[in-house]
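The values are calculated or read from the model by the stated rules, or taken from the named source; none is laboratory data. None of these values were measured; they are calculated from a predicted model. Cβ placement follows ideal geometry from the backbone for every residue including glycine, while neighbour counts extend to all protein chains displayed.
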Amino acid sequence: MRKLSVGSISLAMWALLACALSTLASAQSNLNRKSAADKTAIVQRYYWYEELLASANSEDVIAMQTDNFVNIGVDDSKLNREQSDAMVRISADSVHRVHGANVRINQLAIHGDHAIATVTQYFDTDRKDETGAIRRVTSNIVMRHLWTRTENGWQIQRSRTLRAEINVDGHVVRI
């Protein structure tokens, strides 16, 4: 049996450490690629969302949400999925004409199968009010979305309105 010297043990330790560091670097690289792909997927979902807003397509907007979706208003009021779906449909049905729609992603962080995004949504429309009159409505809303990876891809599980600026025919509306 061969005796190991202190030098050969430390050389073996260095080789083991180098192998471990190489494995960690490879795993981090894979994680970074996955995170980049996830960010790209969510950004693409926002581009699609922007198109849906411009076309007032309520059913596809609803499909972007998980079954346990919760919408939290600026006043901390909560709507469950069913209530939120009804609100989205009513809102889309009231759109007479879309002048502009834009979603700007302010922040986006991926954490495994969840992501948190802060976005500013701008919407400029002509809408029918309850009397049938056409009103010019603009909104500039800052929201935080919790995204969850599902079997249907990334979906929004929770939406919280942080700030909302609404104008109707040029007049500020308090909500």
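Structural remarks
- Tabulated pairs, the stretch 159-174, first free of Cβ contacts under 8 Å to residues at least 40 places away in the same chain, second polar (S, T, N, Q) and surrounded by 13 or more Cβ atoms within 10 Å (Cβ to Cβ), C-beta under 6 angstrom, 6+ apart or interchain: E165/N140; I166/S139; N167/T138
- Pick from the stretch 55-77, criterion in a helix (DSSP H, G or I), surrounded by 14 or more Cβ atoms within 10 Å (Cβ to Cβ) and under 16 Å from the mean Cα position of the chain (by Cα), ranking: modelled with the highest pLDDT: I62
- Scanning the stretch 133-148 for residues that are of a type in the set (A, V, I, L, M, F, W, C) and surrounded by 16 or more Cβ atoms within 10 Å (Cβ to Cβ) turns up V137, I141, V142, M143, L146, W147.
- Qualifying positions in the stretch 149-159 - surrounded by fewer than 17 Cβ atoms within 10 Å (Cβ to Cβ) and hydroxyl-bearing (S, T, Y): T150
- Test for S22: is it at pLDDT 80 or above, among the hydroxyl-bearing types (S, T, Y) and over 18 Å from T150 (Cβ atoms): no
- Of all residues in the stretch 106-124, those satisfying the criterion of being within 16 Å of the chain's Cα centre (by Cα) and surrounded by 15 or more Cβ atoms within 10 Å (Cβ to Cβ) are L108, I110, A115, A117, T118, V119, T120, Q121, Y122.
Residues are listed down the side, and each one gets a yes or a no for (1) of a type outside the set (K, R); (2) within 20 Å of Q44 (Cβ to Cβ); (3) in contact (Cβ under 8 Å) with a residue 40 or more places away in the chain:
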residue	(1), (2), (3)
N80	yes, no, no
R89	no, no, no
V95	yes, no, no
V103	yes, yes, yes
G112	yes, yes, no
G132	yes, no, no
H145	yes, yes, no
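- Test for V98: is it crowded, with 16+ Cβ neighbours inside 10 Å, in contact with a strand residue (DSSP E or B) (Cβ under 6 Å, 6 or more places away or on another chain), hydrophobic (A, V, I, L, M, F, W, C) and closer than 20 Å to Y49 by Cβ: no
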